[in-house]
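Asker: Supplied in structure tokens, the structure appears directly below.
The values are calculated or read from the model by the stated rules, or taken from the named source; none is laboratory data. Predicted model, so just to flag it, every value in this text is computed and none were measured. Cβ placement follows ideal geometry from the backbone for every residue including glycine, while neighbour counts extend to all protein chains displayed. Surface accessibility is based on the protein's heavy atoms, side chains included, excluding ligands, DNA and RNA. Shrake-Rupley method; radii C 1.70, N 1.55, O 1.52, S 1.80 Å.
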Amino acid sequence: MALRESEERFDLAARGSDQGVFDIHVGRSLYLSPRARDILGIAPKAPVDIRRTFRQMLRGADRRKVAAVRKDLVRGGSDVDLDIRISRPDGASRDVRWRGLATRDGDGAVTRVVGMITDVTAQKQSERHLRLAAAVFASAHDGLVVTDLNAVVSAVNPAFSQITGYCEAEILGRSMRTMHSGRHDREFYRGMWGALTSTGSWHGEIWNRRKNGEIFLQQLSIRTVFDEKGKPQNYVGAFQDITRIKHSEFELDRIAHYDPLTDLPNRTLLASLLDLAVSRAGKTCAVLFLDIDRFKTVNDSLGHIAGDAVLKAAADRIRAALDADATLGHYGADEFVVILEEIEGPQDAALAASRLIDELARPFTINGGEIYLGASVGISLHPLDADDAAQLLQHANTALAEAKAQGRGIYSFYTQALTRSARVRMEMEADLRRGLVREEFRLNFQPVVDLANGRIAGAEALVRWQSPVHGLVLPNRFIPLAEETGLIEPLGDWVLEEACQQMAKWTAAGADLDFIAVNLSPRQFQRGTLCERIEEVLRRTGLPAARLEVEITENVLFGAVAAERKLRDMRDSGVRIALDDFGTGYSSLAYLKRFPISKLKIDRSFVHDLPRAADAEIATAIISIARALGLDVVAEGIEAPEQCAFLKERGCGFGQGYLFGRPVTSERFLRLALQGPIATAMAHPGSPRLH
């Protein structure tokens, strides 16, 4: 009876407790109380294999903690004292405390371990929050002070001591009135306390006195801390020393002339420094206008905080790569200007530009990952290119545009020809804007052929600009300009809708076509509403999503997380995705595995000299990779039967190029599609069948 009563007492105590009970009979059985099962997320009657359960619930360091306790028990220890984090079967993570004792047999072997399990998740989370709050409190640059309702200090941070001169021990328990400067009357303090009482906060400027007697100006914010019943409990004050801002002309001048992010001379100060440099008679100087390549991609994909970190790191690298007598400034956005004074000749400027390009070609470490950017540099020389500072900057900027146009990652010197080129570009941009308004653009369509049977499987839509000023303008002339100026978005929207509409018309006319391919520019792809725009066009034109194929290039995959989400949304809607110009950029097999791509397009540069050995090996490798991953392959630029035969033998599914047909109007393409398969072995560029 005594034993039964003891057992009942234990059972009632266990049921009423927030703790669970575990009882391990080594090699025999495991008992878990209902509360213990609830903590561990194990069903009431589910069998439990303790080793398997621990393997499934524990990760890394926590597994090592359990292993260490097990070793300690084997070596003679008797206590179980564990704080571990578990992953329950339902996916929830909990912090659990295990406390227990081990019993041993006559030989000293552990026979039983009995103890309690406690869910300490809330406690651990509270501890983490307290540690985080303490770390923030201690590391804040602003002075922070906590007082009671009578302004008696209960806590200060290191910044408080640094600004006021009072160490923590000297100020704790004392009133904040200790620091009164005497510059404010009773009415000032009456208004401050009145605001705290009525609104719970006060913000303003106040003069206080440091420990050494010096008076300083604070930008002070005070907030009331309320308890759980809504009653005022404490005041928390945060302040900055703004004495210098208010009284130092030097600081005000610095704010006006230095970039706050990089602490480099800004555009205003650079102009003055360059004026001074060119005023020195008989001296040669150079202006280097530097632009960080692909910086916009960082901002768009990783955010502006990461972008600011890149700019700071870039400024440090540029400064370290320059000689001590060079002047570096932040001109704006991702642009920097370097002034080199008293150089011997152009070669000195070229060497400096090369060093800067090499420095910025090294990877940047942002958020624990590496990104590659690079830089382009434009150079102008005084007095060779210009006599005044404004013209030197303008000419260096023009040279920079030329460097970027030549492929980026290089430097370029200014010439008069570049100025003329810039004027032509401005005129072209204005004509391009007018062309969009006046509907001067049209689409041509190039057939994509199934190499196995010669059937025209689809078409690629290619935009052309029929300008009344420039005549027929090919894409390689106006697409980069449209991309740079943002005009690619309205132009791309027009191409997408026109192509889908045309595909719907061909299908209605009886053409047996699988898809229409439309190129998406990187700028279009980065637009947040791209997927909605595609769905809207498909709905308006009535074209099934499966008959639209969008072609992207590898550089749009730079912002991996956002790109993956967008591509999966497209794929889920039924739209096909093709990776264009594969092999010409930073080709990565990880892209092919990670992103929902259904087709690879072999760039024409690998097809042009087929079956030459080097190109043959590259093309064969791309086809093999694609087939292994279950992707379709299209070879671009096929112009000769032997190229077609080689690709067909290697398993390339589709071909595109002059062998099958040049880009033609929609009417001609329809006639071509309705005529049936193309005899690929007999086709040649001059065949009337193809035009």
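Asker: Can you confirm whether Ile255 is of a type in the set (A, V, I, L, M), within 30 Å of Met179 (Cβ to Cβ), open to solvent by 80 Å² or more (accessible area, probe 1.4 Å) and out of contact with any strand residue (DSSP E or B) (no Cβ under 9 Å at 6 or more places or on another chain)?
Answerer: Considered against the rule, which asks whether it is of a type in the set (A, V, I, L, M), within 30 Å of Met179 (Cβ to Cβ), open to solvent by 80 Å² or more (accessible area, probe 1.4 Å) and out of contact with any strand residue (DSSP E or B) (no Cβ under 9 Å at 6 or more places or on another chain), Ile255 comes out as yes.
Asker: Continuing with the same structure: Counting just the residues of the stretch 209-259 that are touching a Gly at 6+ places or on another chain (Cβ under 6 Å) and of a type in the set (Val, Ile, Thr), which one comes out farthest from Ser139 (Cα to Cα)?
Answerer: Thr224
Asker: Pairs please, first residue from the stretch 438-465 and free of Cβ contacts under 8 Å to residues at least 60 places away in the same chain, second anywhere and among the small types (Gly, Ala, Ser), Cβ atoms under 7 Å, 6+ apart in sequence or on different chains.
Answerer: Listed pairs, sorted by first residue: Glu440/Ser467; Phe441/Gly435; Ala461/Ala499; Ala461/Ala517; Trp465/Gly435.
Asker: Determine which single condition Gly165 fails, assuming it passes every other condition in (1) open to solvent by 30 Å² or more (accessible area, probe 1.4 Å); (2) under 24 Å from Lys231 (Cβ atoms); (3) touching a residue at least 40 places away in the same chain (Cβ under 8 Å).
Answerer: (2)
Asker: Quick check on Arg477: is it within 19 Å of Glu427 (Cα to Cα), in contact with a strand residue (DSSP E or B) (Cβ under 6 Å, 6 or more places away or on another chain) and basic (Lys, Arg)?
Answerer: Spelling it out, it is not the case that Arg477 is within 19 Å of Glu427 (Cα to Cα), in contact with a strand residue (DSSP E or B) (Cβ under 6 Å, 6 or more places away or on another chain) and basic (Lys, Arg).
Asker: Go through the stretch 32-54 and report how many residues are surrounded by 11 or more Cβ atoms within 10 Å (Cβ to Cβ) and outside any loop (DSSP other than H, G, I, E, B).
Answerer: 11
Asker: Further, regarding this structure: Considering only the stretch 449-465, I want to know if a residue exists there that is in contact with a helix residue (DSSP H, G or I) (Cβ under 8 Å, 6 or more places away or on another chain) and farther than 30 Å from Pro641 by Cβ.
Answerer: yes
Asker: Note down all Cβ pairs under 7 Å where the first residue falls in the stretch 382-395 and is assigned to a loop (DSSP other than H, G, I, E, B) and open to solvent by less than 60 Å² (accessible area, probe 1.4 Å), the second is among the small types (Gly, Ala, Ser) and modelled with pLDDT of 90 or more, and they're at least six residues apart or on different chains.
Answerer: Listed pairs, sorted by first residue: Ala386/Ser380.
Asker: Tell me the residue from Ile618, Ile623 that is in contact (Cβ under 8 Å) with a residue 24 or more places away in the chain and within 27 Å of Ala679 (Cβ to Cβ), please.
Answerer: Ile623
Asker: Hey, another quick one. Checking the structure you have, find out if any residue of the stretch 271-282 is open to solvent by less than 30 Å² (accessible area, probe 1.4 Å), more than 29 Å from the chain's Cα centre (by Cα) and modelled with pLDDT of 90 or more.
Answerer: Yes, the stretch 271-282 contains at least one residue that is open to solvent by less than 30 Å² (accessible area, probe 1.4 Å), more than 29 Å from the chain's Cα centre (by Cα) and modelled with pLDDT of 90 or more.
Asker: Condition first: in contact (Cβ under 8 Å) with a residue 24 or more places away in the chain, of a type in the set (A, V, I, L, M, F, W, C), closer than 30 Å to Gly41 by Cβ and open to solvent by 80 Å² or more (accessible area, probe 1.4 Å). Can you find one or more residues in the stretch 78-87 that meet it?
Answerer: no
Asker: Can you pull out the strands (runs of 3 or more DSSP E) entirely within the stretch 429-504 that have at least 3 residues that are buried (at least 18 other Cβ atoms within 10 Å of the Cβ)?
Answerer: Per the criteria, 441-450, 456-467.
Asker: Could you check, for the stretch 88-105, whether at least one of its residues is modelled with pLDDT of 85 or more, open to solvent by 30 Å² or more (accessible area, probe 1.4 Å), within 24 Å of Gln19 (Cβ to Cβ) and touching a helix residue (DSSP H, G or I) at 6+ places or on another chain (Cβ under 6 Å)?
Answerer: The answer is yes; a qualifying residue exists.
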